[in-house]
Amino acid sequence: MSADAKTELLRQIRTIRQRIDPAVLARAERAAQTAEAARTLPPDQVPYDKEAAREAVTAFLRGRNDGGQFAQKLMENLKKPESAARAYEGAPGRPGVTKRV
């Protein structure tokens with residue numbers, strides 16, 4: 001890389017940094033820290049707000065136009081822990097879990 005190209009690249013980086021909203025940057029940093037912490041949490045700890053997640057799922061289910069059929073199927077599947085365990089096998093970021101081939 002020539003000196004001129006490097007100087008131009010550094011100028012572009014400075015310009016981009018000046019346009020980034022500090023509040024957005026702080027939120028992104030917190031999100032990255034939360035994601036990193038979630039990878040190291042013991043399995044019995046939850047790295048998110050359960051109430052907010054419940055509200056999001058409820059809003060999603062209310063927005064469906066299937067007369068509650070999807071919600072019923074979801075509830076039935078949630079009662080099958082072995083199915084949930086299989087869904088997580090081989091998932092990235094899950095220590096001690098190997099992917100089946």
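Some notes on this structure:
- Every listed requirement among (1) farther than 30 Å from Ala85 by Cβ; (2) open to solvent by 100 Å² or more (accessible area, probe 1.4 Å); (3) more than 17 Å from the chain's Cα centre (by Cα) is met by Ile20 save one, (2).
- Of all residues assigned to segment 1-16, none qualifies as being closer than 30 Å to Glu89 by Cα and either assigned to a helix (DSSP H, G or I) or free of Cβ contacts under 8 Å to residues at least 24 places away in the same chain (or both).
- Residue count for segment 26-50 under the criterion of being open to solvent by 70 Å² or more (accessible area, probe 1.4 Å) and at pLDDT 85 or above: the result is 4.
- Condition check for Arg54: under 30 Å from Ala85 (Cα atoms), of a type outside the set (Val, Ile, Thr), in contact (Cβ under 8 Å) with a residue 24 or more places away in the chain and open to solvent by 80 Å² or more (accessible area, probe 1.4 Å): no
- For segment 64-96, the set of residues classified as at pLDDT below 70 and more than 19 Å from the chain's Cα centre (by Cα) consists of Gly96 only.
The values are calculated or read from the model by the stated rules, or taken from the named source; none is laboratory data. Just so you know, these numbers come straight off a predicted model, no measurement behind them. Glycine also receives a Cβ, built like all others from the backbone with ideal geometry; neighbour counts cover every protein chain displayed. Just so you know, the surface numbers come from the protein's heavy atoms only, side chains and all, with ligands and any DNA or RNA stripped out. Shrake-Rupley method; radii C 1.70, N 1.55, O 1.52, S 1.80 Å.
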